[in-house]
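**Student:** Handing you this structure, nothing more for now.
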Amino acid sequence: MSKMAVKESDSQRGTVRVTRAVQSSVRQVWDALTVPEVVEKWFGSLSHPLRVGESSSLDFGDGDFFSIKTLRIDPPSTLEYEWRFLGTGPLDTITWNIIPADEGCLVTVTDKESGRTEEEAASLRKGWLDFTKRLEKFLRKGAPTRYPWRHEFDGSIELSGDAEKVWGLLFDGKAPGRWLPFGDTHIESGARFAANDGMEPIQFEILNPAISPRQSLRFDLIGESWLHSTPCCLSLSPRESGTLLSVSHNGWESISLRKSYQKEQRKRFCDLWVEALNRAGEVVEKG
């Protein structure tokens, strides 16, 4: 049996489908998708066993996680759930299908989101190719294949209203102080603020802000003990039923020579940005 992944054509816009051949039994694959102590070896940490109609989470240990609601469990062939990245992102439907084959089985994962762009689908396909490769390698060798942590951070939340309305509510005047993790600090070069979350460093500085009205805000952020600044971008993009607010915050591998510290700070700001996204949702909802 070939171990190569087969990329199938998408039948719907926003659908990503990846199939991979594995030399393992259907039952072994099923356990790798549903049993928490097995899932954590190659994918992430499930908060508890999946049950239809119940909520759970899949945590990656670096701040990233998916909130999950299980829709269908049909052992040992079909598993379906909805999830949101960081609990705030667009709602995706994930379906796993396992089909017996001569020397093992074929594992297909289908990821559906109607509002997804072609560019987003192409990027996501690469992600699923990587995850299914980690699944196949784990099943073949038995050793953990999870990645240690993701160097990039990106999060998002869907908001009601068009981009112009959302921009006014979130970015005009003193609006940023209502939801961004900088308090009342103005977004200007050299502005300083304190992150009072009980972690070090406490003091941060904003550098080189650049605004594209009704579209994006970019700036660099540096902590008082960091070796280098980290680039941030807040952007708005249209969705079928509103506007998507996206946050990217990268450069964690450059802030220190210690990888554990890089991961710690990345996780720290993941938590801060998730809080900020949820506050943004509240601000827009209240109008």
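The values are calculated or read from the model by the stated rules, or taken from the named source; none is laboratory data. Predicted model only: the values in this text are computed from it and were never measured. Don't worry about glycine lacking a Cβ; one is built from the backbone with ideal geometry, like all the others, and counts go over all protein chains shown. For the accessible areas, the whole protein counts, side chains as well, though only heavy atoms, and no ligand, DNA or RNA atoms are used. Shrake-Rupley method; radii C 1.70, N 1.55, O 1.52, S 1.80 Å.
**Student:** Would it be correct to say that L129 is out of contact with any helix residue (DSSP H, G or I) (no Cβ under 8 Å at 6 or more places or on another chain) and modelled with pLDDT of 95 or more? I'd like the intermediate steps shown before the answer.
**Tutor:** Working: out of contact with any helix residue (DSSP H, G or I) (no Cβ under 8 Å at 6 or more places or on another chain): yes; modelled with pLDDT of 95 or more: yes.
Yes.
**Student:** State whether the residues of region 230-238 include one that is in contact (Cβ under 8 Å) with a residue 12 or more places away in the chain, open to solvent by 40 Å² or more (accessible area, probe 1.4 Å) and not in a strand (DSSP E or B).
**Tutor:** No, region 230-238 has no match at all.
**Student:** Still on this structure, please answer the following. So which residues in region 107-139 are among the β-branched types (V, I, T) and open to solvent by 50 Å² or more (accessible area, probe 1.4 Å)?
**Tutor:** So in region 107-139, the residues among the β-branched types (V, I, T) come out as 107-110, 117, 132.
Residue satisfying the conditions is T117 alone.
**Student:** Also, I was wondering about something else. Cβ-Cβ distance below 8 Å, separation of 6 or more or different chains: which pairs start in region 139-166 with a residue that is closer than 30 Å to R178 by Cα and modelled with pLDDT of 95 or more and end on one that is open to solvent by 50 Å² or more (accessible area, probe 1.4 Å) and part of a helix (DSSP H, G or I)?
**Tutor:** Listed pairs, sorted by first residue: H151/E253; I157/N278; S160/E285.
**Student:** So for region 140-152 (the condition being surrounded by fewer than 17 Cβ atoms within 10 Å (Cβ to Cβ), more than 23 Å from the chain's Cα centre (by Cα) and in a loop (DSSP other than H, G, I, E, B)), does at least one residue qualify?
**Tutor:** Within region 140-152, one or more residues are surrounded by fewer than 17 Cβ atoms within 10 Å (Cβ to Cβ), more than 23 Å from the chain's Cα centre (by Cα) and in a loop (DSSP other than H, G, I, E, B).
**Student:** What is the residue count in region 63-114 for residues that are touching a residue at least 60 places away in the same chain (Cβ under 8 Å) and basic (K, R)?
**Tutor:** Total satisfying the criteria: 1.
**Student:** Just to be sure I understand, how many residues within region 178-229 are closer than 27 Å to G287 by Cα, in a loop (DSSP other than H, G, I, E, B) and open to solvent by less than 80 Å² (accessible area, probe 1.4 Å)?
**Tutor:** So the count comes out to 8.
**Student:** May I pose another question? With the structure loaded, tell me whether L58 is open to solvent by less than 40 Å² (accessible area, probe 1.4 Å), at pLDDT 95 or above and closer than 25 Å to D154 by Cβ or whether it fails that test.
**Tutor:** Working: open to solvent by less than 40 Å² (accessible area, probe 1.4 Å): yes; at pLDDT 95 or above: yes; closer than 25 Å to D154 by Cβ: yes.
Considered against the rule, which asks whether it is open to solvent by less than 40 Å² (accessible area, probe 1.4 Å), at pLDDT 95 or above and closer than 25 Å to D154 by Cβ, L58 comes out as yes.
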